[in-house]
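Since the structure comes first, as structure tokens, the remarks are kept for the end.
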Amino acid sequence: MRRFPHSGPARRGRPVVLAAVAVVSALAGAAGCASETGARDGGPAPSLSPPVSSAPLWPDYAPPVPADGEPDKHTSQRYLPVDDVTVPTGGLRKLSVRRLLTKDPNVPDFVRAALARCPGPTCGLRDPVYKDLTSDGLDELVVALDEPASGLTLIQVYRASGETVRPVLINFGPVGLTGETFGTDLILTSVGQTGRVTTRYRWNGEVMTVENPWRRSDDTPQAADPLAPEKPVPQDASAVPRQRTGPGPDTREPAP
């Protein structure tokens, strides 16, 4: 029988070819894994919406002035000073709030009647608060009295002028009227059947007046103060007008 010569190199080539195929497969698999964990293109970034801000309907509007060209005196009408009370050496913090309200000629009689229950469990007088609301470096006195019988809350701000105590804001609102400060502004908030009503007051050099939220940063006139009295304050609860910005119906009993 004829034998063909045995080719050694051909036999040794098979393992080499198989090894090369295995290496290529491993590299391809590694490349596939790397593509799974690397950075991806997620498409265009979503557009960002600007934050919502207030937009006045009439940004250039200025309230009209009286026909005679004179500023409305109602804007800077001052309240009567509390002549029977003088500022002690320690300032307004040393004053008795109950005595101050009792002696204040701007306060109606039903408030004095409510103070007769103080101190006591039915006393509606809140703790006094001291804040600089006139930017003079001295604290004003903020007092509040809740009178559920009349459905009203009184918030009043007093200022020391030398030895004289003078109110710079008298505000009657729905019972539960509360407040906060924003800088030297006083913000009063009431909640009623029509919702939440917030009014901002600012010192104008004489009294605290309603600040027009859309007032420009120039010399545009401010809104007139609807709370500074032009005539003596009524002496009974039924005659006290409801705050113009206060919500809800008038729940007071008619005067007998």
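Scanning the range 105-135 for residues that are more than 12 Å from R159 (Cβ to Cβ), touching a Lys or Arg at 6+ places or on another chain (Cβ under 9 Å) and not in a helix (DSSP H, G or I) yields C118, P119, C123, G124, L125, P128. Scanning the range 184-195 for residues that are over 15 Å from V129 (Cα atoms) and either modelled with pLDDT of 85 or more or assigned to a strand (DSSP E or B) (or both) yields T189, S190, V191, G192, G195.
Remark: D104 matches the filter, which requires a residue to be of a type in the set (D, E) and either surrounded by 12 or more Cβ atoms within 10 Å (Cβ to Cβ) or modelled with pLDDT of 95 or more (or both).
Output the residues belonging to the range 147-162 that are more than 29 Å from P121 (Cβ to Cβ) and at pLDDT 95 or above. Selection gives R159, A160.
The values are calculated or read from the model by the stated rules, or taken from the named source; none is laboratory data. What you see is a predicted model; the values in this text were computed from it and never measured. Ideal geometry is used to build each Cβ from the backbone, glycine not excepted, and the neighbour counts take in all protein chains shown.
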